[in-house]
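Participant: I am attaching a structure below and will ask some questions about it afterwards.
The values are calculated or read from the model by the stated rules, or taken from the named source; none is laboratory data. Values in this document were obtained by computation on a predicted structure and should not be read as measured data. Here the Cβ positions follow ideal geometry from the backbone for every residue, glycine too, while neighbour counts run over all protein chains shown. Areas reflect the complete protein model, heavy atoms only, side chains present, ligands, DNA and RNA absent. Shrake-Rupley method; radii C 1.70, N 1.55, O 1.52, S 1.80 Å.
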Amino acid sequence: FKIAWRNLWKHKMFSFINIFGLALSLSVCMIVMVQVKDEMSYDLFHPHVHRTYRVLSDIVETKNSNKYVLASTPLPLMNELSQQNNIVETAVQLYPALKGKGAYGEKDLFINGTFTDSSFFTVFGFKLSLGHEQSALAITNAIVLSNETALKFFGTANPIGKTLDLHKMGLFQVTGVLEKPPGKSHIEFDAYASSLSIAQLEKAKALPVREKNWNTMNDAYTYVLLKNNATSKNLNSLLAQVSAKSALKSDAGKVKFIAQPLSKITPGSDGIYNEIGGGTVWAKLLTIVGVGFILLLAACFNYTNLTIARALTRAKEVGIRKVSGATRGQIFAQYIIESVLIALLSLGFACLLVMQFKPNTHLSGQLLTEALLFTILTGALAGTFPAWILSAFKPVHVLKTVLTQKLFGNLSLRKGLMIFQFSLSLLVLIFLSAYYRQFSYMETLDPGFYSTNVLTIPVPAKAKIFSHEISRIAGVERIAGTSETFGMRGSGSTQVFLNKPVEGQGILNNFYFGDAGLIPVHKLKLLAGSNFPANEEYVQEKYVIINEKAVHLLSFKAPVNAIGKSVWVNDSTMVEIIGVIKDFNDVGVARQIAPLILRNKTGEFNYLNISVRGADREQVVKQILSVWHSLQPEVPFTYQWLDKKIADREDQSDMYSALGFIAFITITIASLGLLGLVIYTVETRQKEISIRKVVGAETIQLMLLLSRGFLKLIIISGLIAMPVGYILSFIFIQNFANQVPFGLGTLLVSFLFLLTIGLGTILSNTYKASVANPVKNLRTE
């Protein structure tokens with residue numbers, strides 16, 4: 001350690017280059033470790049993780065044989081599985097149809113809930129802070145609230161026994177409050193209502209009839225807890241038998257059920273649709289890990305490159321050690337210790353970088369211990385190859401072979417490492433350019449609907465009175481009721497049938513519920529027909545408005561041909577097409593425009609979108625606030641400007657920062673490696689430079705002599721990275737419906753940027769060597 005420290009102190013520049021480069025990489029690795037640990041922590045607190053499975057619906061479409069997998073299943077599946085007592089201990093289902101407003105006193109708040117039963121607490125590790133797990137959901141119209149939801153409605157008062165009015169769903173009695181879960185879960189709802197209520201809600205038409213319907217795959221999420229002696233193979237065999245039943249015929253096509261372990265839900269797969277809850281997918285997680293690994297690999301290559309470059313200056317040290325009796329193992333250990341010492345110093349520097357750039361990152365004792373072990377391993381691996389080379393041969397042999405070790409044909413090892421580093425840097429630059437240009441381009445596109453100066457607020461309890469009052473405010477132009485705000489997400493999707501519903505002939509359409517104000521508020525263009533009738537309330541649906549895409553898929557020749565035609569929605573409701581609107585991007589310009597229907601049912605409205613004059617924005621908000629408080633003073637007033645809400649969702653500044661930081665690290669590491677090699681080359685060729693200068697060489701000639709080898713490496717890196725970067729960027733851009741032009745210009749600009757940095761690094765050092773006094777270098781000759 002003493003000799004290692006002396007050597008690091010003696011060669012300060014090389015030590016700084018290694019420590020700083022590795023610290024940058026380790027800082028990214030630490031952030032990646034935190035994120036990976038967080039994403040891998042989902043659903044670990046449940047009591048029977050290894051015996052719990054979720055059932056998926058594997059669907060092959062009848063028309064085009066497309067295959068996709070849904071996380072959801074039909075409602076009747078749970079009862080079918082519950083009867084299989086030989087392998088199933090219990091089954092539970094989540095039916096997330098409990099969505100809408102809930103009222104208590106003057107408070108009227110949105111609830112995202114689900115129906116389930118008491119087995120929910122048997123299968124999962126959720127506990128109640130108030131109430132009893134076995135009885136909380138054992139009665140009709142019972143509801144369990146999350147801790148956050150209970151605080152919103154009841155504050156610190158005991159909510160047990162109190163009644164929530166869920167409007168169209170009726171009255172529900174609070175029978176329990178969830179404790180804050182001890183860990184993360186993909187199951188995140190505001191409320192859990194007793195599934196015993198489903199039958200009566202279906203009878204009252206507050207819910208669509210689903211309990212005995214095998215044809216709807218999007219409704220419920222089914223989980224099975226197996227007995228101790230059962231296996232996933234037994235469960236899949238059982239599910240195959242259920243799938244084969246003649247009752248199971250989906251409009252979508254052929255369906256079979258498959259089991260997914262609870263531990264495999266998060267991180268999940270990109271190929272599973274209709275998911276619930278948070279969490280990431282393996283593709284994104286592995287990408288993050290891959291980025292961290294590549295950066296760490298680049299830093300390790302840097303160390304290898306610089307260490308081998310200094311082999312000439314350390315050959316005498318190796319010779320003296322061997323003459324003094326040192327074994328190869330001792331010499332090997334010396335260089336490994338030196339490498340680990342650099343890694344540990346880099347770790348300390350990395351911790352400072354993380355605290356500076358990511359202050360919210362919690363550096364726990366466990367994380368630091370894991371990072372310490374990881375760093376020691378990294379240092380050992382980075383130093384293994386140089387240590388093996390330096391300890392393997394006699395000094396003379398080392399001098400002859402180290403600098404000519406071949407890698408990739410005629411390229412030396414140092415050149416190969418340098419090309420790798422600069423190719424990686426250019427690759428990151430090109431991808432960052434493509435990413436930035438694509439999202440900047442989408443920000444300039446017109447989505448086809450108006451969102452500027454549109455105020456979005458939750459629908460209040462006295463919606464009709466409230467709308468009437470605010471309509472008299474001078475700055476309010478129009479008001480629209482809607483189930484969801486445009487530009488964020490639809491209210492869902494539904495099957496639409498042109499004629500009497502026939503299995504397999506439905507067209508899947510996205511939909512919104514809205515009133516007559518929706519088209520003028522968002523300035524949607526009517527191509528045919530008319531808007532919804534104004535000032536009418538619809539308890540039952542009567543009319544729909546469709547977009548051009550739906551016109552095409554429903555086989556109408558032109559928009560005008562669709563007007564007055566009747567269609568079936570969800571095979572149970574017949575409605576008349578009253579209008580056709582021009583296509584618009586209701587969920588963002590990144591996605592393809594899908595068939596869309598606007599439906600009109602007053603009870604489904606969750607938001608009011610209010611168009612206001614731009615000059616009066618703030619004054620209008622104050623007046624609307626005054627009206628709100630006069631009608632429901634106990635309920636907090638919340639609002640958002642629609643254009644800002646959409647912009648926040650589409651905001652990529654965090655990703656720009658992350659990619660920019662990665663680009664900075666890769667370029668810095670490559671530049672540091674180049675700097676080290678340039679310095680070393682200059683040092684080892686000082687006498688040659690001096691002799692050339694004495695015999696008449698000009699400064700520019702000397703600079704060209706010293707630089708041309710490195711410039712060739714940068715050019716070779718560009719020739720490798722530019723086509724690869726273009727291919728990766730092209731594949732990335734193909735994920736978007738609207739794609740930015742991406743060609744040779746972006747590649748050349750990225751390459752010239754990197755070339756400029758490389759030239760700055762090279763020329764700044766070669767110039768110093770070229771203008772140095774040759775007498776000083778030749779004095780001893």
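Participant: Once you have the alpha carbon radius of gyration of segment 20-164, what is it after dividing by 2.2 N^0.38 Å, with N set to its residue count?
Facilitator: 1.44
Participant: Still on this structure, I have one more. Would you mind getting me the FRET efficiency between PHE45 and MET13? Use the beta-carbon distance for r and R0 = 56 Å, nearest 0.05.
Facilitator: The value I calculate is 0.65.
Participant: What is segment 82-233 by shape, rounded, prolate or oblate, if you read a ≥ b ≥ c off the alpha carbon gyration tensor as root eigenvalues and call it rounded for a/c under 1.5, prolate for a/b larger than b/c, and oblate otherwise?
Facilitator: Oblate shape, in that a/c is at least 1.5 and b/c is the bigger or equal ratio.
Participant: Mean Kyte-Doolittle of at least 1.0 plus a Cα span of 24 Å or more along the axis: flag which DSSP H helices in the chain meet both, please.
Facilitator: 12-39, 282-309, 328-357, 365-392, 653-684, 699-733, 744-771
Participant: Can you compute the FRET efficiency between GLU443 and ALA326 using 1/(1 + (r/R0)^6), with r the Cβ-Cβ distance and R0 = 60 Å? Round to the nearest 0.05.
Facilitator: Details: r = 64 Å, r/R0 = 1.06.
Once rounded, the FRET efficiency stands at 0.40.
Participant: With the cut-off at 1.5 for a/c, could you classify segment 13-84 from its C-alpha gyration tensor as rounded, prolate or oblate?
Facilitator: oblate
Participant: Please sort 215-222, 523-530 by packing, taking for each peptide the average over its residues of neighbouring beta carbons within 10 angstrom, highest first.
Facilitator: With the highest mean Cβ count within 10 Å placed first, the list reads 215-222, 523-530.
Participant: Under 5 Å between amide H atoms, partner at least 5 residues away or on a different chain: which partners does SER185 have, H built in plane at 1.01 Å?
Facilitator: The list, which skips near neighbours in sequence, is ASP43.
Participant: Send over the per residue convex hull volume for the chain, Cα only, as a whole number of Å³.
Facilitator: 220 Å³
Participant: Okay, next question. Could you name the lysines whose alpha carbon sits less than 18 Å from that of LYS37, not counting residues in the same chain fewer than 8 places away?
Facilitator: LYS184, LYS264, LYS284, LYS358
Participant: How many times 2.2 N^0.38 Å is the alpha carbon radius of gyration of segment 58-128? Intermediate results must be reported in sequence, preceding the final value.
Facilitator: Working: Rg = 17.3 Å, N = 71, 2.2 N^0.38 = 11.1 Å.
In units of the 2.2 N^0.38 Å rule of thumb, it is 1.56.
Participant: OK, next. I'd like to check one number: the per residue accessible area of the chain, probe 1.4 Å, reported in Å² as a whole number. Walk me through the numbers on the way to the answer.
Facilitator: Working: 37090 Å² over 781 residues.
Result: 47 Å² per residue.
Participant: Hey, another quick one. According to a simple spin-label model (label point 7 Å from Cα along Cα-to-Cβ), what is the distance in nm between THR369 and ILE465?
Facilitator: 6.2 nm
Participant: Using a 1.4 Å probe on the protein heavy atoms, what percent of the accessible area of the chain belongs to carbon and sulfur?
Facilitator: Details: 21650 of 37090 Å².
Taking all protein chains in place, the chain shows 58 percent carbon and sulfur surface.
Participant: Report the extension gain between VAL695 and THR452 in nm, rounded to one decimal, defined as 0.36 nm multiplied by the number of residues separating them, less their alpha carbon distance.
Facilitator: Values: separation 243, 0.36 × 243 = 87.48 nm, distance 7.36 nm.
So the extension gain works out to 80.1 nm.
Participant: In addition: If you average 1/r over every pair of different alpha-carbon atoms in segment 666-781 and take one over that average, what Kirkwood value in Å do you get?
Facilitator: 16.5 Å is the Kirkwood radius here.
Participant: I need the phi-derived Karplus couplings for segment 167-182: 6.51 cos²θ - 1.76 cosθ + 1.60, θ = phi - 60°, integer Hz, Gly and Pro marked x.
Facilitator: Along segment 167-182, the couplings run 6, 5, 7, x, 8, 10, 8, 6, 10, x, 10, 6, 6, 5, x, x Hz.
Participant: Give me the one-decimal nm value for the distance between modelled label points at ALA283 and ASN213, 7 Å along each residue's Cα-to-Cβ direction.
Facilitator: 3.1 nm
Participant: Sticking with this one: Once the piece of chain linking GLU536 and LEU705 is laid out straight, how much longer is it, given 0.36 nm per residue of separation minus the C-alpha distance between them?
Facilitator: Length gained between GLU536 and LEU705: 52.3 nm.
Participant: Going by average Cβ density within 10 Å per residue, which order do the peptides 188-196, 369-377 take, highest to lowest? Kindly include the intermediate steps, with their values, before the conclusion.
Facilitator: Working: 188-196: 22.0, 369-377: 14.9.
The peptides rank, most packed first, as 188-196, 369-377.
Participant: Can I ask one more? Can you list residues from other chains, or at least 5 along the same chain, whose modelled amide H is less than 5 Å from the amide H of LEU508?
Facilitator: VAL496
Participant: Amide H neighbours of THR90 under 5 Å, at least 5 residues apart or on other chains, H built in the peptide plane: list them.
Facilitator: LEU225
Participant: Here is a further query. Given charges of +1 on the Cβ of Lys and Arg and -1 on the Cβ of Asp and Glu, with all other atoms neutral, how large is the dipole of the chain about its Cα centre, in debye to the nearest 20? Don't jump to the answer; show the numbers that get you there.
Facilitator: Numbers: 74 positive and 53 negative charges, 738 e Å.
So the magnitude is around 3540 debye.
Participant: From the C-alpha coordinates alone, can you work out the Kirkwood hydrodynamic radius of segment 169-255, in Å?
Facilitator: So the Kirkwood estimate lands at 16.7 Å.
Participant: If you put +1 on each Lys and Arg Cβ and -1 on each Asp and Glu Cβ, how big is the dipole of segment 182-267 around its Cα centre, in Debye rounded to 20? Display every interim value, and only then the final one.
Facilitator: Values: 12 positive and 6 negative charges, 81 e Å.
Using only the charged Cβ atoms, the result is roughly 380 debye.
Participant: Which residues does a label at LEU759 reach in segment 657-671, if reach means a backbone N under 20 Å from a point 7 Å past the Cα toward the Cβ?
Facilitator: Answer for segment 657-671: 667-668, 670-671.
Participant: What FRET efficiency would be calculated for the residue pair ARG617, LYS168, taking the C-beta separation as r and a Förster radius of 41 Å, to the nearest 0.05? Show your work: numbers first, answer last.
Facilitator: Values: r = 34 Å, r/R0 = 0.82.
That gives a FRET efficiency of 0.75.
Participant: Could I ask something else about it? Order these peptides, 714-721, 198-205, by their mean beta-carbon neighbour count within 10 angstrom, highest first.
Facilitator: 714-721, 198-205
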